[in-house]
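J.: Have a look at this one before I ask anything.
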Amino acid sequence: MSNVGVVDLLVLVLACAAGTYLWRALGVALAGRLDPDGEIFSWIGCVALAMIAGLVARMLVDPVGVLAATNLTERLGATACGLVAYFVLTRRNLLAGVVTACVAIVLLQLFR
């Protein structure tokens, strides 16, 4: 058994809570002052989309894990099915696009 006392654990819990609630309080204080249509949020949105595009491109071109067992044409075909479901069939329903791409890659593997 460790020599950690109850007081030490209490201090640790209080320090962790203070650290957590400090950032939450700072967020609440700043939230009212931020313009959601401003340039900062626009830039953050662009960076987030660029990161997602980069990760998707890496998954298509140089996959790791189970996805590496598929070939490029299967990955591109499943991606195309997902994009068609997202843009054309469901008018920008992200869940439908992701599910369609997942089902397409599984079906392409089964029929290989």
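Rule-based calculations on the coordinates, nothing more; no lab input. Just so you know, these numbers come straight off a predicted model, no measurement behind them. Because the Cβ atoms are built from the backbone with ideal geometry, glycine has one as well, and the counts that use them run over all protein chains shown.
J.: Once label points are set 7 Å from the Cα along Cα→Cβ at both Arg24 and Leu107, what is their separation, rounded to one decimal in nm?
T.: 4.6 nm
J.: What does the extension gain come out to for Ala53 and Ala68, with contour length at 0.36 nm per residue minus their alpha carbon separation?
T.: Fully extending the segment from Ala53 to Ala68 adds 3.5 nm.
J.: Just in region 52-112: which chymotrypsin sites (Phe, Trp or Tyr not before Pro) are loop by DSSP and have at most 10 other Cβ atoms within 10 Å?
T.: Loop-located and lightly packed - Phe111.
J.: Also, I was wondering about something else. Counting Lys and Arg as +1 and Asp and Glu as -1, each charge on the Cβ, what is the dipole of the chain about the Cα centre in debye, to the nearest 20?
T.: The calculation lands at about 320 debye.
J.: Averaging sequence separations of C-alpha pairs under 8 Å and six or more residues apart, then dividing by the length of the chain, give the relative contact order as a whole percent.
T.: Here the relative contact order equals 16 percent.
J.: Against the 2.2 N^0.38 Å scaling, with N counting residues, where does the chain land? I'd like the Cα-based Rg ratio to two decimal places.
T.: Dividing the Cα radius of gyration by 2.2 N^0.38 Å gives 1.74.
J.: Most fluctuating residue of Val99, Val11, Val84 in a GNM of the chain with Cα springs under 10 Å: which is it?
T.: Its mean-square fluctuation being the largest, the pick is Val11.
J.: Which of the helices in the chain meet the span-like rule: DSSP H, Cα axial reach of 20 Å or more, Kyte-Doolittle mean at least -1.0?
T.: Those that clear 20 Å and a mean of -1.0 are 6-31, 39-61, 94-110.
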